[in-house]
Every structure is written in C-alpha cells, then in structure tokens.
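Where a number appears in this text, it was derived from the coordinates with a stated rule and is not lab data. These numbers were taken from a predicted model, which means no experiment stands behind them. Every residue, glycine as well, gets a Cβ built from its backbone with ideal geometry; the counts of neighbours run over all protein chains shown.
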Amino acid sequence: MNILTTNGLVGRYVTDWAGPNAVVKRVAIKLGAPTPGDTMKLTGTVRRRTTRPGSSRSMVAGRNSWGDHVTGTVAVALPRKG
C-alpha cells in the first residue's frame, strides 16, 4: 500500500471510532513494513484530551505479519453532545 491508501485507512479507522460528525484535524503517520497481499490490523489508543473541549489526540498503528506498516498520531475534534 502507498501512503495515500494508508492515510485514508487511518482516517477511516479514527472516524469510525469517533463518529460521523468528528473532524480529523491533523494526521502524522510514518510508513514501515510493506503489506504485500497481507492483512493489516489497525489499533488505536486515545493518548490525551487536548486543552480544547471536545478534541483528542490518538496513537494509531497498523500491523501485519511483517511488523508495523504504519504508526502515528491523529488529532480529532469530537462532536459536542446535545
């Protein structure tokens, strides 16, 4: 996979978690191991809530049998309740 495909998958993974009204503010990813016909499993951890209400920063990783294909952080503005 190239960086554009991987970036799209990371964005989709985060917005599936955060909901359809979430806004991805920043994506900083780094590619590692290739994914030649292999299955990649994305995982994520919310690292911290930012100083702005309704926003968070998450660590994301995509792994396959070769190792880490992608690692990085994603900043998201979460929708307000109400």
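Here the simple spin-label model places points 7 Å from the Cα toward Cβ, and for residue 26 and residue 45 these points are separated by 2.0 nm.
For the chain, the longest principal axis of the alpha carbon atoms and the long axis of helix 3-18 meet at an angle near 40°. Computing mean projected area of the Cα convex hull in nm² directly from the structure and comparing it against (i) 7.9; (ii) 5.3; (iii) 5.0 singles out (ii).
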